[in-house]
Structures are given as structure tokens and as C-alpha cells.
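I have placed the structure first, in the form of C-alpha cells, so that the comments after it can refer back to it.
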Amino acid sequence: MRSASSTSCVVRSRSTPHSEVSFRGARTGYELKKWADSSLRFFYWSPAISQIYAELRRLERLGLATSRRSGPEEPRATRGYTLTDAGRAALAGWADGTDDPGPPVLKHPLVLRLWLGHLATPETLRTLVERHLARTRDALAEVRGALRRAEQDPEWAFPRVAPAWSERQHLAEPALAEAMPADLARMAASGPADGA
């Protein structure tokens, strides 16, 4: 039998598939991947299908999830996963815990390219900013679609907070990016920095 603290470490270290299985009904790895791609990716990360299946098997080995293979009447066999009582308790303990979740991890490829702007032409940097703005507008439309879908499902009362936050974040991103051309113009007007 695993201790509460060791189970908590299991949940904390890799909780994405674990958290997705927390909702009602059995879910296949494929369903979890679709769910992650349509919701989690807007505010956390969307694991690869191989990561999801590896984690589901690990949770099952630890007694935190069970699986059931579909019946012979199904045209294609699938395996649905459900949290056990211990798995749900471990996840609830983590979700309801007061441990600091830590700072957000920001990896912004455009900002990295601008940081290295002394190695690029101003035209290239402006083009990158324009592409980023277009991609951000497309992503905002996707977030709003996810939010609409979440609003239709009563089980998503709390998960709706995440796409609502993501919508606000995507609304702020264009303002940040739109300031970049002015920053670049100031840099061009003042000439190259020392050592560039």
C-alpha cells in the first residue's frame, strides 16, 4: 500500500492524464488526447498520445486507475480507464492542497527571436511579429470555441475557469505584440547596441 505522501508525489509529478480521467466515465487514451488538445493546451500542455498511454499504464500499475477492454461486439477493441477510489483521493488531495503550484513557465519563441534581434534584419523581425499576431487571433478563436463547448456541459463548471483565463490571456497577447514594432523602430533609430 502506498503512503499518502508517495501517492501525492505521483500525482504532482505527472498529473495530466490522471486529472483528465477524474471526470465521470471511462476514457480511452485517444479520448484523453482529444480532450487535452481541445482544452489543456490553452493553459498547460498537451501530452503526446504515447505519454498519455504510458502514464495510464503507470497509474494502473500503482492502483490509481483501472482499465477495461471493450467487448467483442465492438468493431475495434479499445481500453477505457477510470480512476480508482485511491486515485481519485490522491488527485483530490493534490487539487485541494495548499502547496504552492510554482511560477508559470513561459517559453515564448517570438520573444526569444527578438532577444536575438541583433542577428536578424528589422524586416524579418517585423514579419515574425505580424505572423505571431495572426496566429494569436486564430488561437483566440479556438479558445473561444473551447469556452463555448465547456459552457454546454454542467460537468465543466470549474474547468470553464481555465478557458476563460486563457481567453483573457490571448486578448492581452496582441497588445504586447503590437508594442514590439515600436520597440524595434526605437532600436533601429538609436543604432546598434555596443557589442552587437
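The values are calculated or read from the model by the stated rules, or taken from the named source; none is laboratory data. Quantities reported herein were computed from a predicted structural model and do not represent experimental measurements. Cβ placement follows ideal geometry from the backbone for every residue including glycine, while neighbour counts extend to all protein chains displayed.
A few remarks follow.
- Pick from the stretch 100-131, criterion touching a residue at least 60 places away in the same chain (Cβ under 8 Å) and surrounded by 12 or more Cβ atoms within 10 Å (Cβ to Cβ), ranking: farthest from residue 38 (Cα to Cα): 122
- Meets criteria (over 30 Å from residue 187 (Cβ atoms), outside the structural domain of residue 180 (by TED's automatic domain parsing), touching a residue at least 12 places away in the same chain (Cβ under 8 Å) and over 20 Å from the mean Cα position of the chain (by Cα)) for residue 86: yes
- Count - residues of the stretch 34-77 that are over 30 Å from residue 104 (Cβ atoms) and in contact with a Phe, Trp or Tyr (Cβ under 6 Å, 6 or more places away or on another chain): 1
- Breaking point among (1) in contact with a Ser or Thr (Cβ under 9 Å, 6 or more places away or on another chain); (2) of a type outside the set (Ser, Thr, Tyr); (3) modelled with pLDDT of 90 or more, for residue 103: (1)
- Boolean, residue 134 is without any contact (Cβ under 8 Å) to a residue 24 or more places away in the chain and within 26 Å of residue 38 (Cβ to Cβ): yes
- Test: residue in the stretch 104-118 that is under 20 Å from the mean Cα position of the chain (by Cα) and farther than 21 Å from residue 45 by Cα: no
- Here residue 168 does not qualify as closer than 20 Å to residue 34 by Cβ and without any contact (Cβ under 8 Å) to a residue 60 or more places away in the chain.
- Inspection of the stretch 143-154 identifies at least one residue that is in contact (Cβ under 8 Å) with a residue 60 or more places away in the chain and surrounded by fewer than 16 Cβ atoms within 10 Å (Cβ to Cβ).
- If you filter the stretch 12-67 down to residues that are among the charged types (D, E, K, R), at pLDDT 90 or above and surrounded by fewer than 18 Cβ atoms within 10 Å (Cβ to Cβ), you find that the one that is nearest to the chain's Cα centre (by Cα) is 31.
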